[in-house]
1. I'm checking my understanding of the structure. Among residues of the stretch 202-215 that are basic (Lys, Arg) and free of Cβ contacts under 8 Å to residues at least 60 places away in the same chain, which one is most open to solvent (accessible area, probe 1.4 Å)?
2. I'd like to verify a number: residues in the stretch 106-133 that are in contact with a Lys or Arg (Cβ under 9 Å, 6 or more places away or on another chain) and of a type in the set (Ser, Thr, Tyr), how many?
3. Which number in (1) surrounded by 14 or more Cβ atoms within 10 Å (Cβ to Cβ); (2) more than 30 Å from MET60 (Cβ to Cβ) marks the one condition that ARG190 misses?
4. Could you please tell me which pairs satisfy a Cβ distance under 7 Å, a separation of 6+ or placement on different chains, a first residue in the stretch 67-93 that is touching a residue at least 40 places away in the same chain (Cβ under 8 Å), and a second residue that is of a type in the set (Gly, Ala, Ser) and open to solvent by less than 20 Å² (accessible area, probe 1.4 Å)?
5. Taking THR140, is it touching a Leu at 6+ places or on another chain (Cβ under 9 Å) and polar (S, T, N, Q)?
6. Of the numbered conditions (1) in contact (Cβ under 8 Å) with a residue 24 or more places away in the chain; (2) of a type in the set (Lys, Arg); (3) open to solvent by 50 Å² or more (accessible area, probe 1.4 Å), ARG134 satisfies every one except a single condition; which is it?
7. Filter the stretch 54-99 for residues that are modelled with pLDDT of 90 or more and of a type in the set (Asp, Glu) and give the result.
8. Tell me, which residue of the stretch 137-181 that is free of Cβ contacts under 8 Å to residues at least 12 places away in the same chain and either closer than 22 Å to ILE217 by Cβ or in contact with a His (Cβ under 6 Å, 6 or more places away or on another chain) (or both) is most open to solvent (accessible area, probe 1.4 Å)?
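The values are calculated or read from the model by the stated rules, or taken from the named source; none is laboratory data. The structure displayed is predicted, hence computed values, not measured ones. Neighbour counts are summed over all protein chains in view; Cβ atoms, including those assigned to glycine, are modelled from backbone coordinates with ideal geometry. When the accessible area is computed, the model is the full protein with side chains, heavy atoms only, and any ligands, DNA or RNA have been set aside. Shrake-Rupley method; radii C 1.70, N 1.55, O 1.52, S 1.80 Å.
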Amino acid sequence: TVEPLVREYLPPKPEVKKTEARPEPEPEPQKAAPEPRPEPEQRPQPERETLPVAEADWPMPTQEEIEAARGVRHYDLPRGAVMGLTIKTLGLHNVPVFDSDGKWALNNGVAHVPGTSFPWSTTPQRNVYLAGHRLGWRGTESHLVFYELDELGRGNEILLKNRDGKKFRYRVTEAFVTGPGDSWVMGQVRDRDMVTLQTCTPIPEFDKRLIIRADRI
């Protein structure tokens with residue numbers, strides 16, 4: 001029996017401590033207003049890194065498409081895919097995973113974010129970071145691939161398999177919601193060997209990111 005998934009959200013911002021009110025100083029005699037100084041030149045602020053996501057004008061699925069997505073779906077591993085993703089709970093088998101966060105990778109399967117871990121990375125800890133569409137495009141492997149990602153529960157299994165057939169198994173341990181700019185979720189966590197799945201939420205706003213994490217077993 002799969003336990004219900006415990007949702008964890010980002011901690012609230014710490015409250016700013018209020019300082020004691022200081023007595024107002026006595027008004028000074030008025031002086032002639034100084035000449036206005038030119039305002040300092042405003043420097044452009046660097047853009048904040050955001051998690052990968054494609055256009056927001058996805059076609060909404062029909063009821064028939066949603067029912068089909070709730071069934072069993074088998075995928076072929078095309079040339080260029082580095083591994084396959086299987087989540088039996090969601091009926092997904094061997095979804096192609098491409099080592100790119102480009103739109104073409106998201107539109108043709110699931111994207112492995114470059115620079116994050118692989119299951120076979122020789123590091124003390126790993127965070128294999130995979131992003132997929134919630135809706136995606138009709139006629140492609142991305143269509144509704146992560147539509148029911150929020151249905152995963154603690155203990156559900158996630159399987160990654162490389163092109164040589166070696167399997168890497170993980171068990172879901174947590175889920176939470178972040179903003180699109182919270183790139184810290186791509187980083188490694190001390191003493192954890194895990195895979196992280198990301199998709200957009202909620203439907204239809206898609207202004208947040210649903211994060212599912214599973215630890216190696």
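1. Applying the first criterion (basic (Lys, Arg)) to the stretch 202-215 yields 208-209, 213.
Now narrow it down to the ones that are free of Cβ contacts under 8 Å to residues at least 60 places away in the same chain: 208, 213.
Values: LYS208: 90, ARG213: 15 Å².
Looking at residues that are basic (Lys, Arg) and free of Cβ contacts under 8 Å to residues at least 60 places away in the same chain, I get LYS208.
2. Qualifying residue count for the region: 2.
3. Failing condition for ARG190: (1).
4. From residues that are touching a residue at least 40 places away in the same chain (Cβ under 8 Å), the pairs are ARG70/GLY91; LEU77/GLY84; ALA81/GLY109.
5. When the stated conditions are applied, THR140 does not pass them.
6. Condition (3) is where ARG134 drops out.
7. Answer for the stretch 54-99, where residues must be modelled with pLDDT of 90 or more and of a type in the set (Asp, Glu): GLU64, GLU65, GLU67, ASP76, ASP99.
8. Within the stretch 137-181, the subset free of Cβ contacts under 8 Å to residues at least 12 places away in the same chain is 139, 164-165, 167.
Okay, now just the ones that are also either closer than 22 Å to ILE217 by Cβ or in contact with a His (Cβ under 6 Å, 6 or more places away or on another chain) (or both), so 164-165, 167.
Working: ASP164: 146, GLY165: 38, LYS167: 108 Å².
Residue satisfying both the conditions and the ranking: ASP164.
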